[in-house]
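What follows draws every value from the coordinates through simple rules; no lab data is involved. Not measured: the values here are computed from a predicted model. All Cβ positions, even for glycine, are placed from backbone atoms using ideal geometry, and neighbour counts span all protein chains on display.
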Amino acid sequence: MTRRVVITGAGTVNALGGDVPATLAAMAAGRGAIGAIDLPDLDRLSIRIGAQVPNWDAAARFDLRSLALYDRCTQFALTAAREAVASAGLTGPLGPRSGVIMGTAAGGIQTWEDNYRAVFQDGKSRVHPLTVPKLMSNAAAAHIAMAYGLTGPALTVATACAASNHAIGLAFQMVRAGMADVMLTGGAEAMLCFGGIKAWEGLRVLSPDGCRPFSHSRNGMVMGEGAGVFVLEARDHALARGAEIWAEVAGFAMTADASDIVMPSQDGAERAMAGALADAGLPPDQVGYINAHGTGTAANDRTETAAIRQVFGDHADRLAVSSTKAMHGHLIGATGAVELLAVILALRDGILAPTINHDGGDGACNLDVVPNVARRADVAAALSNAFAFGGMNAVLALKRA
Amino acid sequence: MDTTAKVIDILAAQALRDPATIGPEDTLATLGLDSLGLVEVIFALEEAFDIAIPFNANDPGESGFDITSVAGLIGAVEGLLGQKAA
């Protein structure tokens with residue numbers, strides 16, 4: 001049983017906006033959301049910029065009983081899921097032919113941090129009794145399943161910066177294979193906390209002054225936070241209920257570099273992109289846009305450019321390739337989900353989201369990165385790249401509805 | 001223990017080498033240290049000397065911290081120690 005799979009709804013919260021329309025408008029406007037962050041103990045961090053979700057008032061969004069169970073990561077996930085389900089015109093419970101696959105890298109890291117602080121720093125002898133179900137990495141998927149009565153497949157994947165793409169790709173495969181009719185899928189991350197930043201600082205790959213993907217002046221990544229959730233649905237199921245189709249998920253491939261724990265491999269990226277094209281039955285010259293992984297690190301952008309040139313040959317010079325991380329930051333395990341919104345912007349709305357902060361490429365980064373300003377384009381098919389630490393690569397191929 | 005010996009000890013621990021076999025002309029490459037080994041060395045130096053080393057793996061040449069050789073590393077650490085004392 002092989003079925004076509006479409007996107008019929010989406011939701012998000014990220015530094016660019018509290019929902020999909022605000023996020024797409026910000027992407028189209030080329031607005032950046034990276035700036036000074038506000039955190040306890042900021043003076044003990046050497047990196048003090050990020051793409052923080054502004055004015056997040058959890059107490060106004062969730063009741064106190066629920067907040068005892070919802071890490072910031074789960075709060076973002078549930079907020080995005082609510083918008084996704086509503087925009088798809090669905091209401092729960094969706095039952096055994098529906099499920100959820102979420103991606104995250106650090107899960108409930110703020111909860112780990114708060115409770116370690118309580119026992120190690122403040123000398124407390126006990127922590128809140130719901131600490132375990134609050135911090136567990138599958139909490140967001142579990143609460144989404146409960147909220148909408150999704151009683152089929154439910155799980156969380158943790159493949160660092162590729163987690164959302166792996167999650168969405170697996171959900172796509174399940175619907176295509178007939179294991180479910182409707183899957184909620186995406187990613188959520190709230191690693192932009194003291195301990196999360198402190199850990200990334202140590203690796204010396206964060207930029208102290210901004211995210212400039214594919215620019216000669218690029219000097220590292222900038223962290224973001226938030227969530228993105230999509231409704232993936234069998235096309236026949238969506239048509240039968242008269243749902244609006246945003247785009248078609250046409251192919252997916254995942255590869256492992258199996259070489260270095262942090263340095264990207266050109267071969268692994270190439271095989272993932274070529275694999276997604278083959279899975280979708282797409283000739284490379286039909287692809288008009290690639291949402292790049294484009295972290296703004298020296299190594300990623302150079303390697304990704306070379307991989308795109310290798311896979312697409314001469315067509316690489318007719319492709320638009322942008323990294324929206326310069327606007328919303330690197331959402332780690334949620335990044336692919338928010339970046340898939342830029343793919344929808346291209347396929348559905350005909351707008352290429354720009355790579356902002358671009359101040360000129362170099363010999364190794366010389367693709368059309370849609371520098372600084374969005375532009376109109378007629379895009380029939382697109383890829384979304386994610387290449388994670390651990391050498392785990394996941395590429396999605398989408399077509400216009 | 002003087003600065004030179006401490007720096008060499010840290011490099012030796014990372015490179016799994018006898019400190020006596022490491023000289024000022026050695027480089028990260030001759031010591032077999034990759035980019036992850038380097039960030040571990042920098043961490044160990046910061047901890048041992050209580051200094052903050054300006055180093056960005058994206059742009060090692062622009063960091064103003066000499067990593068081209070063991071002698072360069074020792075000089076850079078001494079420079080930071082001098083700034084701390086000043």
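What order, most packed first, do the peptides A:117-128, B:16-27 have when packing is the mean number of other Cβ atoms within 10 Å of each residue?
Working: A:117-128: 10.7, B:16-27: 12.4.
Listed from highest to lowest mean packing, they are B:16-27, A:117-128.
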Given that compact globular proteins tend to follow 2.2 N^0.38 Å, what is the ratio of the alpha-carbon Rg of the stretch A:128-226 to that value? 1.36
Quick check for me: using +1 on Lys/Arg Cβ and -1 on Asp/Glu Cβ, what's the dipole size of the stretch A:251-400 about its Cα centre, in debye to the nearest 20? 440
Any of A:325/A:399; A:325/B:6; A:124/B:6 with alpha carbons more than 29 Å apart? Name them for me. A:325/B:6; A:124/B:6
Unit charges at the beta carbon, dipole of chain A: most positive-side option, A:344, A:138, A:394: A:138
Can you tell me what the convex hull of the Cα atoms of the protein assembly as shown projects to on average, as an area in nm²? 24.2
Give me P(r) over the stretch B:3-85, computed from all C-alpha to C-alpha distances, binned every 10 Å, as integer percentages. 18, 59, 22, 1
Indicate, rounded to the nearest 5 percent, the antiparallel portion of the DSSP beta bridges found entirely in the stretch A:5-240. 60
Can you work out D for the stretch A:5-240 in µm² s⁻¹ from Stokes-Einstein, where Rh is the Kirkwood radius over C-alpha pairs, the temperature is 25 °C and the viscosity is 0.890 mPa s? 132
Around residue A:212, which amide H atoms from residues at least 5 apart in sequence, or from another chain, sit under 5 Å from its own amide H, with H modelled in the peptide plane? A:219, A:220
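Divide the volume of the convex hull of the Cα atoms of the stretch A:81-147 by its number of residues and quote the answer in cubic angstrom per residue. Could you put the intermediate results ahead of the total?
Values: hull volume 6.5 nm³, N = 67.
Convex hull volume per residue, Cα atoms: 98 Å³.
Net charge near residue A:176: determine it from the other residues with C-beta under 13 Å of the C-beta of residue A:176, scoring Lys and Arg +1 and Asp and Glu -1.
Numbers: positive: A:3, A:4, A:235; negative: A:181, A:233, A:236, A:248, A:279.
Here the count lands on -2.
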How crowded by other chains is A:200-207, given as the mean number of beta carbons from other chains within 10 Å of each beta carbon? 4
For chain A, modelled as a Gaussian network with Cα springs under 10 Å, which listed residue fluctuates most, A:161, A:211, A:365? A:365
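Rounding to the nearest 20 debye, state how big the charge dipole of the stretch B:3-85 is about its Cα centre with +1 on each Lys and Arg Cβ and -1 on each Asp and Glu Cβ. The partial results should precede the final answer.
Numbers: 3 positive and 13 negative charges, 28 e Å.
Around 140 debye, computed over the stretch B:3-85.
Would you list the membrane-span-like helices of chain A, meaning whole DSSP H runs whose alpha-carbon atoms span at least 20 Å along their axis and whose mean Kyte-Doolittle value is at least -0.5?
Values: long enough: A:72-87 (23 Å, 0.26); A:266-280 (21 Å, -0.19); A:298-312 (22 Å, -0.38); A:335-349 (21 Å, 1.39).
Qualifying helices, which must be both long enough and hydrophobic enough, are A:72-87, A:266-280, A:298-312, A:335-349.
Shielding by partners for B:49-62, please: the mean number of other protein chain Cβ atoms within 10 Å of each residue's Cβ. Display every interim value, and only then the final one.
Details: counts 0, 0, 0, 1, 1, 3, 1, 9, 10, 15, 7, 2, 0, 2.
Shielding by partners across B:49-62 averages 4.
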Per residue of A:255-266, how many C-beta atoms from partner chains lie within 10 Å of its own C-beta, taken as a mean? 1
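Taking the Cα centre of the protein assembly as shown as origin and charging only Cβ (+1 Lys, Arg; -1 Asp, Glu), how large is the dipole, in debye to the nearest 20?
Numbers: 34 positive and 50 negative charges, 388 e Å.
In total the dipole reaches around 1860 debye.
For every helix of n ≥ 4 consecutive DSSP H residues, a contribution of -39,500 (n - 2.57) applies; sum these over the protein assembly as shown, divide by its total residues, and give [θ] at 222 nm rounded to the nearest 500 deg cm²/dmol.
Values: 17 runs with 180 residues, N = 487.
Helices in the protein assembly as shown give a 222 nm mean residue ellipticity of -11000 deg cm²/dmol.
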